[in-house]
Amino acid sequence: VQLVESGGGLVQAGGSLRLSCAASGRTSSVYATGWFRQAPGKEREFVAAISWSGGTTDYADSVKGRFAISRDSAANMVFLQMNSLKPEDTAVYYCAADVGRLSRVPIEYTYWGQGTQVTVSS
């Protein structure tokens with residue numbers, strides 16, 4: 001499974017961005033897809049996850065109510081709508097996928113994209 005993220009950029013605090021993740025390859029084997037982020041000098045952290053069917057979602061407390069994860073299974077796409085962005089949301093955002101259950105732990109995801117930079121200015 002190959003994952004390619006897009007949609008990152010520079011935005012002012014309070015603004016919005018929509019990240020996209022295009023999946024290709026053996027996507028029929030994928031169950032869990034997630035978004036993680038990593039800021040300079042910090043560990044990679046969980047942001048949100050969704051089952052490939054779309055029936056189950058999970059969010060980090062820090063983004064709950066501001067971010068929304070969704071997917072278009074027919075197009076093999078996963079999205080992260082980010083609203084009310086804050087400077088502390090600045091990070092490289094990664095799309096991840098796995099055949100197993102939803103998880104907040106990065107090591108439990110097998111497939112990763114290359115990441116897309118999100119910078120929120122104050």
Could you check the range 29-47 and list, in sequence order, the residues that are touching a Phe, Trp or Tyr at 6+ places or on another chain (Cβ under 9 Å) and more than 15 Å from ILE107 (Cα to Cα)?
VAL30, TYR31
The range 45-70 - residue that is open to solvent by 50 Å² or more (accessible area, probe 1.4 Å) and over 11 Å from the mean Cα position of the chain (by Cα) and, of those, nearest to GLY25 (Cα to Cα):
SER53
Log entry, pairs with first residue in the range 103-116 being surrounded by 14 or more Cβ atoms within 10 Å (Cβ to Cβ), second being among the acidic types (Asp, Glu) and assigned to a loop (DSSP other than H, G, I, E, B), beta carbons closer than 9 Å, six or more apart or on different chains, reads PRO106/GLU43
So, of the residues in the range 2-28 that are open to solvent by 40 Å² or more (accessible area, probe 1.4 Å) and among the polar types (S, T, N, Q), which turns out to be farthest from THR116 (Cα to Cα)?
SER28
In the range 72-91, residues that are assigned to a loop (DSSP other than H, G, I, E, B) and either open to solvent by 10 Å² or more (accessible area, probe 1.4 Å) or aromatic (Phe, Trp, Tyr) (or both) total 5
Name, by its number, the condition in (1) assigned to a strand (DSSP E or B); (2) within 14 Å of TYR94 (Cα to Cα); (3) not small (Gly, Ala, Ser) that does not hold for GLU43.
(1)
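The values are calculated or read from the model by the stated rules, or taken from the named source; none is laboratory data. What you see is a predicted model; the values in this text were computed from it and never measured. Glycine also receives a Cβ, built like all others from the backbone with ideal geometry; neighbour counts cover every protein chain displayed. Areas reflect the complete protein model, heavy atoms only, side chains present, ligands, DNA and RNA absent. Shrake-Rupley method; radii C 1.70, N 1.55, O 1.52, S 1.80 Å.
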